[in-house]
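Let me begin by presenting the structure, written as structure tokens, before commenting on it.
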Amino acid sequence: VIREGRIEFDRVTFRFGAAEVPVLHHISFTAEPGKTVAILGSTGAGKSSLVSLVPRLYDATEGQVRIDGVDVRDIDLDHLRSRIGLVLQESVLFTGTIRDNIRYGRPDASDEEIEQAARAAQAHEFIANMPEGYDTMLGQRGVNLSGGQKQRIAIARALLVRPVILILDDSTSAVDLGTESRIRAALAELMRGCTTLLIAQRITSVMDADHILVLEEGKIAAAGSHAELMRHSDIYRDIYRS
Ligand code: DUT
């Protein structure tokens with residue numbers, strides 16, 4: 001079972017189906033419990049593919065992904081996914097009420113707990129302003145939420161679960177500045193005590209990470225803390241200056 005949330009990638013190679021060129025090539029790194037590893041790279045570098053191997057949305061083609069020393073393929077899938085919080089750019093909401101979407105990982109959660117999580121995620125206000133509040137339907141025949149609103153529902157969902165591992169896409173969608181800073185505060189709260197894999201496109205969001213991986217065409221082009229990379233990595237300095 002997952003306790004501490006140490007994540008290890010051990011020479012992981014990943015291809016989509018029979019594709020010749022791997023999307024990820026010989027990736028090795030460790031995320032220590034409670035620490036944040038940021039994954040920086042341009043579009044198509046393989047960031048989403050890399051993090052998707054942890055909750056087993058896909059499986060590595062070669063090598064091993066381990067959590068607390070156990071190959072993820074040997075961990076019960078429901079247990080694995082119940083310990084991982086996902087807050088991604090295209091947050092996965094389903095057809096159902098807002099309430100159902102928030103309590104997805106914790107079906108037993110009370111209305112008070114749901115509202116508390118929504119408040120902490122800066123989502124309560126816009127939910128309360130909807131005609132049916134928490135009972136508003138999302139999805140095909142329901143309301144459409146903006147990207148920023150979807151993200152906050154995903155944050156509320158993750159806050160309710162209190163996962164051991166957090167997978168976070170830091171790129172905040174178009175929201176006003178005040179909301180953005182409140183979302184950042186909610187994310188910081190969510191990250192406390194979690195091992196976090198942070199997908200980032202901007203350098204400003206990785207500078208505080210414990211460890212940074214610079215991904216280029218599926219390979220780790222540089223790795224280290226911000227200070228280390230500034231000292232030793234031309235690639236990182238180039239990204240920093242651009
Ligand atoms: N790819 C596929 N099939 C998929 C998803 C991705 O072939 O279902 C390819 C496209 C790309 C590579 O995998 O060449 C890496 O994509 P990924 O989405 O992992 O890259 P990213 O770094 O997350 O890009 P972005 O920042 O645009 O999300």
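The values are calculated or read from the model by the stated rules, or taken from the named source; none is laboratory data. Note that this is a predicted model, so its numbers are computed, not measured. Reconstructed Cβ throughout: ideal geometry from the backbone, glycine too, with neighbour counts over all protein chains shown. Accessible surface is based on the protein model in full, side chains and every heavy atom, while ligands, DNA and RNA are left aside. Shrake-Rupley method; radii C 1.70, N 1.55, O 1.52, S 1.80 Å.
Just for the range 47-71: of the residues that are outside any loop (DSSP other than H, G, I, E, B), more than 7 Å from the ligand (Cβ to nearest atom) and of a type in the set (Gly, Ala, Ser), which one is farthest from the chain's Cα centre (by Cα)?
63
Within the range 106-125, is even one residue of a type in the set (A, V, I, L, M, F, W, C), more than 30 Å from residue 214 (Cα to Cα) and in contact with an Asp or Glu (Cβ under 8 Å, 6 or more places away or on another chain)?
Yes: one or more hits.
Working only within the range 18-32, note down all residues that are near the ligand (Cβ under 9 Å from one of its atoms) and touching a helix residue (DSSP H, G or I) at 6+ places or on another chain (Cβ under 9 Å).
Matches in the range 18-32: 23, 24.
Tally time: how many residues in the range 107-133 are part of a loop (DSSP other than H, G, I, E, B), crowded, with 18+ Cβ neighbours inside 10 Å and small (Gly, Ala, Ser)?
The total comes to 3.
Being out of contact with any strand residue (DSSP E or B) (no Cβ under 6 Å at 6 or more places or on another chain) and closer than 18 Å to residue 7 by Cα is true for just one of 78, 100. Which residue is that?
Sole residue among the options that is out of contact with any strand residue (DSSP E or B) (no Cβ under 6 Å at 6 or more places or on another chain) and closer than 18 Å to residue 7 by Cα: 78.
When you check residue 41 against the structure, is it at pLDDT below 95, small (Gly, Ala, Ser) and in contact with a strand residue (DSSP E or B) (Cβ under 7 Å, 6 or more places away or on another chain), yes or no?
When the stated conditions are applied, residue 41 passes them.
In the list 44, 17, which residue meets the criterion of being in a loop (DSSP other than H, G, I, E, B) and either of a type in the set (D, E, K, R) or under 28 Å from residue 208 (Cα atoms) (or both)?
From the options 44, 17, the qualifying one is 44.
Here is a list: 93, 80. Which entry is out of contact with any Cys (no Cβ under 6 Å at 6 or more places or on another chain), buried (at least 17 other Cβ atoms within 10 Å of the Cβ) and in a helix (DSSP H, G or I)?
Answer to the selection: 80.
With 160, 197 as the choices, which residue is surrounded by 21 or more Cβ atoms within 10 Å (Cβ to Cβ) and under 14 Å from the mean Cα position of the chain (by Cα)?
Every option except 197 fails the conditions.
From the residues in the range 134-157 that are farther than 21 Å from residue 83 by Cβ and in contact with a Gly (Cβ under 8 Å, 6 or more places away or on another chain), which one is surrounded by the fewest Cβ atoms within 10 Å (Cβ to Cβ)?
Filtering first and then ranking leaves 139.
Which one of 102, 75 is at pLDDT 90 or above, under 22 Å from residue 195 (Cβ atoms) and not basic (Lys, Arg)?
Exactly one of 102, 75 is at pLDDT 90 or above, under 22 Å from residue 195 (Cβ atoms) and not basic (Lys, Arg), namely 75.
Taking the condition without any contact (Cβ under 8 Å) to a residue 24 or more places away in the chain, more than 16 Å from the ligand (Cβ to nearest atom) and more than 27 Å from residue 183 (Cα to Cα), does residue 1 pass?
no
Please go through the range 184-201 and give me each residue that is of a type in the set (S, T, N, Q) and under 16 Å from residue 6 (Cβ atoms), ordered by number.
Selection gives 195, 196.
Looking at the range 200-235 only, could you name the residues that are of a type in the set (Val, Ile, Thr), part of a strand (DSSP E or B) and open to solvent by less than 10 Å² (accessible area, probe 1.4 Å)?
Residues satisfying the conditions are 212, 214.
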